[in-house]
Each structure stands twice: as C-alpha cells, then as structure tokens.
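The values are calculated or read from the model by the stated rules, or taken from the named source; none is laboratory data. Keep in mind that what you see is a predicted model, and the values were worked out from it rather than measured. Cβ coordinates were reconstructed from backbone atoms using ideal geometry, including for glycine residues, and neighbour counts include every protein chain displayed. To get the accessible areas, we keep the full protein, side chains included, count just its heavy atoms, and leave off ligands, DNA and RNA. Shrake-Rupley method; radii C 1.70, N 1.55, O 1.52, S 1.80 Å.
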Amino acid sequence: QFGRTEVIDNTLNPDFVRKFIMDYFFEERENLRFDFYDVDSKSPNLSKHDFLGQMFCTLGEIVGSQGSRLEKSIIGIPGKKCGTVIVTAEELGCCRDSVLMQFCANKLDKKDFFGKSDPFLVFHRSNEDGSFTICHKTEVVKNTLNPVWQAFKISVRALCNGDYDRTIKVEVYDWDRDGSHDFIGEFTTSYRELSRGQSQFNVYEVINPKKKGKKKKYVNSGTVTLLSFLIETEVSFLDYIKGGTQINFTVAIDFTASNGNPSQPTSLHYMNPYQLNAYGMALKAVGEIIQDYDSDKMFPALGFGARLPPDGRVSHEFALNGNPQNPYCHGIDGVMEAYYRSLKSVQLYGPTNFAPVINHVARYAASVKDGSQYFVLLIITDGVISDMAQTKESIVNASKLPMSIIIVGVGPAEFDAMEELDGDVVRISSRGKFAERDIVQFVPFRDYIDRSGNHVLSMARLAKDVLAEIPEQFLSYMRVRGIKPSPAPPPYTPPIHVLQTQI
C-alpha cells in the first residue's frame with residue numbers, strides 16, 4: 001500500500017485533494033492499483049469497510065494520456081457498474097530549474113608573498129544534519145585582488161536541494177600550485193537571497209573567523225558581489241509527452257536462415273506452446289512499456305531476410321501482417337500474432353540487411369520534424385550484419401531525424417558490429433560524416449536470460465537497459481532543433497453539481 005486519500009463524506013462524485021509523490025522512470029513498467037472503499041467506521045482496517053471496486057493501470061499510462069489525465073472504469077464487482085475514476089499526474093517542477101550566476105570580488109586579502117592572490121570560490125550546500133556538501137568550484141583568476149569569475153550554471157537541486165531558504169556557504173581561497181590553497185574567508189547566503197539578483201543585498205563581506213578573533217580592528221577580507229542571476233527551467237521529456245508528442249513504435253524482426261528452422265526446438269524462432277521464444281520476449285518487454293505513449297496503439301511490424309509467398313522473392317522490408325499498404329498491428333498482442341502467423345508462411349533466407357527497415361522508418365520520421373511525433377525502431381536480430389556500410393549511412397542520416405533505434409541481439413553470435421553501431425564508445429560515421437547524435441542502443445539478449453528461468457525479472461531488466469537512453473536521445477533532438485513542448489491542455493475541473501432549491 002502506497003497511501004490513502006482523505007475521506008469525503010456523503011458523495012458519489014468525490015474530488016480528492018491529497019497528492020501522492022512517486023518516482024517516475026520511463027524505462028520501467030510501474031504497475032498501480034487503486035482500490036475504492038466506502039468508509040463505515042473510524043477503523044483503519046480495510047475489511048471493516050465496503051469495497052466499491054478497483055482500477056489497474058501503469059504510471060506510464062497516466063503520464064502518456066493526453067494532458068497526463070487518465071479516465072478509466074472502476075471494476076471488481078461482478079455484474080455491477082462501479083463508476084469511473086480520473087487520475088492526473090504532474091511533474092514536480094521545483095527541482096528542474098537551473099541558475100546561471102556570475103560573481104566578482106573586491107579588495108580580497110593578499111596571500112602571496114610576491115604577487116597578488118589567485119582567487120577562486122567554493123560553494124557548499126547544507127544538508128539536513130547541518131553538514132555541508134561541496135557543489136561547485138569556480139575557475140581560478142590569476143594575480144588579482146579584484147577578480148571577475150566567469151558565469152556558471154548549476155541546478156537548483158545541486159545548489160540547495162530545492163529548498164530556497166537552506167544555507168549556502170561560499171568559501172574564498174587563494175590558489176597555490178602545490179595544492180595547499182590558502183583560505184581567505186567565507187560568507188553564507190541562500191537561494192532566496194541570491195534570487196534578488198544584483199542589488200545591495202547581494203554584496204557579501206568575506207570573513208576569516210581566525211583573523212576576526214585575533215584583530216580588534218578587523219573589518220573583512222574583501223567583498224564578493226553577485227553580478228547576475230538568471231533562472232532557466234529545463235524542459236523535460238514529460239513536458240513534451242504532456243503537450244501531446246506521440247511516440248511511434250515500429251518493430252523489425254530478423255527472418256534470416258541463421259536463426260534455424262522454426263519447427264525445431266533449437267531454432268531462435270521456435271514456436272514453443274508453453275513459453276515465448278527470445279524474439280517474443282524481447283518484443284513484449286520493450287513494446288509493453290512503449291505502447292503507453294502511443295495513443296492509437298497501432299504499430300507497424302516488419303520482417304527482413306525472408307522469401308515471401310507466392311513467388312519466393314527475397315524481401316528486407318515486408319509487413320508481418322501480409323499487408324504492405326497497411327503494416328499496422330493493434331497493440332503488442334497484435335504484433336505477436338502477426339509475427340507467429342508470418343513464421344508459418346515465409347521461408348527464412350538471408351542476408352541480414354538493416355538499412356531497408358531503418359530507411360523505412362526514417363521516411364516517416366522525415367515527414368514530421370515539428371516535434372509532434374518521435375519514432376522508435378526496435379530491431380531484433382540473431383546476428384552478423386551483411387550491409388554494414390549502408391546501415392552506417394542510414395544511421396548517420398537518421399541521426400538528424402526524430403528517431404531512435406534499439407537493437408536486441410538474440411542467440412550466441414558475436415555482436416562486435418552491433419557494439420560499433422551503438423556508438424557509445426566511438427561516434428558512428430559514414431563517408432567522413434559523423435552522426436549528429438547517438439541514436440542507437442544495442443544489448444545482447446543473453447545477458448538477460450535469468451539462470452533460474454524466472455523470465456519476468458530478466459525482461460524487466462532488459463526493457464530498463466534498452467529504454468533508459470530514449471528520453472535523453474529524444475531531448476537532444478528537440479534541443480538541437482529548438483523545439484519547445486506544446487502547452488498541455490487545460491487541467492480537468494470536475495462538473496459542478498447544481499443543487500436545486502425550493503423557493
């Protein structure tokens with residue numbers, strides 16, 4: 001149990017006020033259950049109250065609904081309409097701000113015997129227990145008692161953990177080559193004080209407590225002045241989702257002969273009546289999370305590397321449902337069904353070409369560059385790629401488009417080429433042109449097969465690792481293009497129940 005709302009007396013249309021704060025992870029499936037009760041006594045024991053029904057959903061479903069507002073039927077009492085529930089989600093904003101600040105100092109103490117000081121600042125945020133944690137160091141400005149430091153950017157979370165009145169301690173040091181930097185003095189402030197910007201409030205006396213204790217006439221060791229303070233709110237992945245950006249999910253499955261004959265248990269495409277094969281597992285693990293962000297739940301599903309009926313022509317981009325004009329399947333279950341059906345009708349062949357399916361999705365992505373849609377292509381393959389040069393070129397071209405590519409490698413093959421496409425170590429290039437951003441994430445499926453046979457656990461880990469990079473890849477596209485999120489639709493206000501009065 002995560003929490004309970006307040007009780008609202010005598011109503012069938014309650015509007016609950018209590019909010020619940022939860023951690024959100026795009027790459028995880030976070031299942032939620034809402035239980036509804038009619039309170040009959042003061043007892044905290046739920047069995048003492050009438051059960052009114054329940055609703056199941058995922059956090060992704062709420063967030064992925066238009067305006068992050070999900071309306072769903074309450075179920076659980078057979079033969080009875082239990083009403084509907086409306087759940088809305090909003091992202092906590094206070095910790096998404098960053099601040100751009102610049103400081104200068106005046107008449108700092110001279111610490112060096114020969115020249116002037118080489119000052120720098122060290123910022124610390126205070127913790128709940130009164131201790132301090134360092135959160136920023138400025139650069140060193142050489143040989144001056146009146147330094148002007150460069151402006152720097154820091155997140156509000158790092159600076160004060162989102163608490164505007166928490167103490168921020170700033171120390172001033174004179175840099176020494178041997179690392180024994182001399183302490184000049186310190187002062188304290190807070191985010192709230194700094195946010196007043198350049199003003200008489202933001203001129204600080206730098207105090208050295210030791211000197212202050214020793215010298216009666218000690219005033220200060222110089223002053224530090226805030227020159228500018230600019231708040232920047234970082235837009236997040238959820239801002240775009242809330243503004244209506246759709247994530248389109250396309251699947252491409254490897255039907256090359258190296259997978260083995262699907263009727264044999266040794267084949268990676270073996271249709272075991274009792275459990276999913278590796279292709280099915282990877283598809284379900286990734287698809288079930290992404291489908292929450294696609295409003296129509298229609299997914300194009302493609303195959304490559306097979307001979308198609310009736311004439312046996314080889315195709316590297318065919319519709320799993322057999323309809324090239326409309327390759328869309330309804331939901332992940334529809335994709336699975338089309339995959340199993342096509343295994344019965346096509347002949348596994350080769351070679352393993354990726355470029356055609358990448359270009360297929362890129363054509364769609366190229367037609368909507370306004371930020372309203374983003375495309376994710378999941379390629380599941382057993383292996384050694386035949387068209388490496390063309391694939392690299394396709395990826396370099398696709399890196400300019402609103403799309404990401406996930407490659408899951410199944411089976412025992414060597415996946416060195418896939419690691420190269422991943423581009424985490426070396427940015428991928430083709431004909432001397434580098435990819436504009438990293439859009440490929442590769443994982444070998446064998447790393448996730450649970451030794452104990454508990455596939456559920458390993459599939460959650462697979463989805464997590466595969467999808468973790470998507471929000472950042474998505475944001476990097478939007479940032480480079482200067483695309484801002486659309487405003488979210490207005491918040492939901494419950495209908496007013498008109499009270500009829502007799503006069």
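Scanning the range 91-129 for residues being in a loop (DSSP other than H, G, I, E, B) and either surrounded by 11 or more Cβ atoms within 10 Å (Cβ to Cβ) or modelled with pLDDT of 90 or more (or both) gives a total of 13. Report the residue count in the range 130-166 for those that are assigned to a strand (DSSP E or B) and either modelled with pLDDT of 95 or more or not β-branched (Val, Ile, Thr) (or both). Total satisfying the criteria: 8. Being open to solvent by 20 Å² or more (accessible area, probe 1.4 Å), assigned by the TED database to the domain that holds THR189 and either among the hydrophobic types (A, V, I, L, M, F, W, C) or closer than 30 Å to VAL480 by Cα (or both) is a condition met by at least one residue of the range 209-227. Exactly one residue out of LEU276, LEU238, LEU302 is in a strand (DSSP E or B) and closer than 29 Å to THR58 by Cβ, and it is LEU302.
Checked against (1) closer than 16 Å to TYR339 by Cβ; (2) over 31 Å from the mean Cα position of the chain (by Cα); (3) crowded, with 20+ Cβ neighbours inside 10 Å; (4) without any contact (Cβ under 8 Å) to a residue 60 or more places away in the chain, HIS316 passes all but condition (1). Among the residues of the range 34-45, the ones that are under 24 Å from ILE77 (Cβ atoms) and exposed (fewer than 13 other Cβ atoms within 10 Å of the Cβ) come to 6 in all. From the list GLY179, GLY185, the one residue that fits, being over 23 Å from SER228 (Cβ atoms), open to solvent by less than 50 Å² (accessible area, probe 1.4 Å) and of a type in the set (Gly, Ala, Ser), is GLY179. Of the listed requirements (1) over 30 Å from PHE249 (Cα atoms); (2) not in a loop (DSSP other than H, G, I, E, B), ILE62 misses just one: (1). Quick one: LEU276 ticks every box in (1) open to solvent by less than 40 Å² (accessible area, probe 1.4 Å); (2) under 32 Å from the mean Cα position of the chain (by Cα); (3) of a type in the set (A, V, I, L, M, F, W, C) except a single one, so which number is it? With (1) open to solvent by less than 40 Å² (accessible area, probe 1.4 Å); (2) under 32 Å from the mean Cα position of the chain (by Cα); (3) of a type in the set (A, V, I, L, M, F, W, C) applied to LEU276, the lone miss is (1). Residue-level analysis places LEU348 among those that are touching a residue at least 24 places away in the same chain (Cβ under 8 Å) and either over 22 Å from GLN291 (Cα atoms) or open to solvent by 10 Å² or more (accessible area, probe 1.4 Å) (or both). Pairs are defined by a Cβ separation below 9 Å, a sequence spacing of at least 6 or placement on different chains, a first member in the range 11-22 that is among the aromatic types (Phe, Trp, Tyr), and a second member that is open to solvent by 90 Å² or more (accessible area, probe 1.4 Å); the pairs so defined are PHE20/PHE2.
Taking the range 167-214 as the range and being assigned to a loop (DSSP other than H, G, I, E, B) and hydroxyl-bearing (Ser, Thr, Tyr) as the test, the residues that pass are SER180, SER195, SER199.
Residue-by-condition table, conditions (1) modelled with pLDDT under 90; (2) of a type outside the set (Val, Ile, Thr):
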{"residue": "ILE406", "(1), (2)": "no, no"}
{"residue": "GLY409", "(1), (2)": "no, yes"}
{"residue": "LEU421", "(1), (2)": "no, yes"}
{"residue": "ARG437", "(1), (2)": "no, yes"}
{"residue": "PHE474", "(1), (2)": "no, yes"}
{"residue": "LYS484", "(1), (2)": "no, yes"}
{"residue": "PRO491", "(1), (2)": "yes, yes"}
{"residue": "ILE496", "(1), (2)": "yes, no"}
{"residue": "ILE503", "(1), (2)": "yes, no"}
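Restricting attention to the range 188-207 and to residues that are of a type outside the set (Ser, Thr, Tyr) and under 33 Å from the mean Cα position of the chain (by Cα), the residue that is surrounded by the most Cβ atoms within 10 Å (Cβ to Cβ) turns out to be LEU194.
Quick one: would you say PRO324 is more than 27 Å from GLN246 (Cβ to Cβ), open to solvent by 60 Å² or more (accessible area, probe 1.4 Å) and out of contact with any Asp or Glu (no Cβ under 7 Å at 6 or more places or on another chain)? So PRO324 does not fit the description; no. Assessment of the range 180-192 against the conditions (more than 30 Å from LYS19 (Cα to Cα) and at pLDDT below 90) yields at least one matching residue.
Within the range 306-328, the residues that satisfy the criterion of being in contact with a Leu (Cβ under 7 Å, 6 or more places away or on another chain) and either outside any strand (DSSP E or B) or within 26 Å of GLU288 (Cβ to Cβ) (or both) are ALA306, GLU317, PHE318, ALA319, LEU320, PRO327. Checking each residue in the range 8-33 for being more than 26 Å from LYS464 (Cα to Cα), of a type outside the set (D, E, K, R) and open to solvent by 90 Å² or more (accessible area, probe 1.4 Å) picks out ASN10, LEU12, ASN13, VAL17. Consider THR88 carefully, then state whether it is under 30 Å from ASP15 (Cα atoms), within 31 Å of the chain's Cα centre (by Cα) and loosely packed, with under 14 Cβ neighbours inside 10 Å. Here the answer is no, as THR88 does not meet what is asked. Among the residues of the range 344-366, the ones that are closer than 14 Å to ALA319 by Cβ and either outside the structural domain of LEU378 (by the TED database) or over 25 Å from the mean Cα position of the chain (by Cα) (or both) come to 5 in all.
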